[in-house]
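One structure is given below, encoded as structure tokens.
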Amino acid sequence: MPSEIDPLNLEIVLWEPEIPQNTGNIARTCACTGCKLHLAGPLGFRMRSPHVKRAGLDYWKFVEWKRWVSIDELWRAHPSVQFPIELDEWASRARTRTAWFFSTQGELMPWDVPVHKGDFLVFGPETRGLSSEILESAGKQVVGFPQIPETRSLNVSNVVAAAIYLIYSRWQAKYV
């Protein structure tokens, strides 16, 4: 059995997810890593879809998840989450919870993100990513994965998994 991890209580936000299999895969990743899952805005599928269930297997019972009508409703329910925050606050252990927004337009690399316990990681719809309005509200807290120029984007379920484990490895190296 692989070694156990100490949950960082990350909050994974899928804004307007479109593909049920990706959402199921992400739910399974959340179950295995102790992350909470938030589904915000209209979904491109029904949660009872067999594709969602099959991708998540029997892990749904281990996932703490919530459905939100909009991303604004999510932020109103979590007023302690502040973004954007000043660059000099990013690494402060005393800083407030914040959100990190993942996009192909991100200039911040995932291994450089100073995530703290309880921070939010926000991912957009598979076919269009996060809106310009959301990216604007994120300030410099937009994270991207490098890729070769001939490609458009990575699969969102792969990005979520990679982001979570990069953050865990950074956390382990820094604080353990």
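Values in this text are rule-based calculations from the coordinates and carry no lab data. Given the structure is predicted, the values throughout are model-derived calculations rather than measurements. Cβ: placed from backbone, ideal geometry, glycine included. Neighbour counts: every protein chain shown.
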* Asked: Any residue in the stretch 33-51 that is without any contact (Cβ under 8 Å) to a residue 24 or more places away in the chain, farther than 19 Å from Val156 by Cα and not charged (D, E, K, R)?
  -> yes
* Structure fact -> The residue that is farthest from Leu166 (Cα to Cα), considering only those in the stretch 1-24 that are polar (S, T, N, Q) and over 13 Å from the mean Cα position of the chain (by Cα), is Gln21
* Structure fact -> Listed by first then second residue, the pairs whose first member lies in the stretch 99-118 and is acidic (Asp, Glu), whose partner is crowded, with 20+ Cβ neighbours inside 10 Å, with beta carbons under 9 Å and at least 6 positions apart or on separate chains, are Glu107/Val142; Glu107/Val143; Asp112/Val143
* Which numbered condition Ala77 misses (of (1) of a type in the set (Gly, Ala, Ser); (2) in contact (Cβ under 8 Å) with a residue 12 or more places away in the chain; (3) under 14 Å from Leu39 (Cβ atoms)) -> (2)
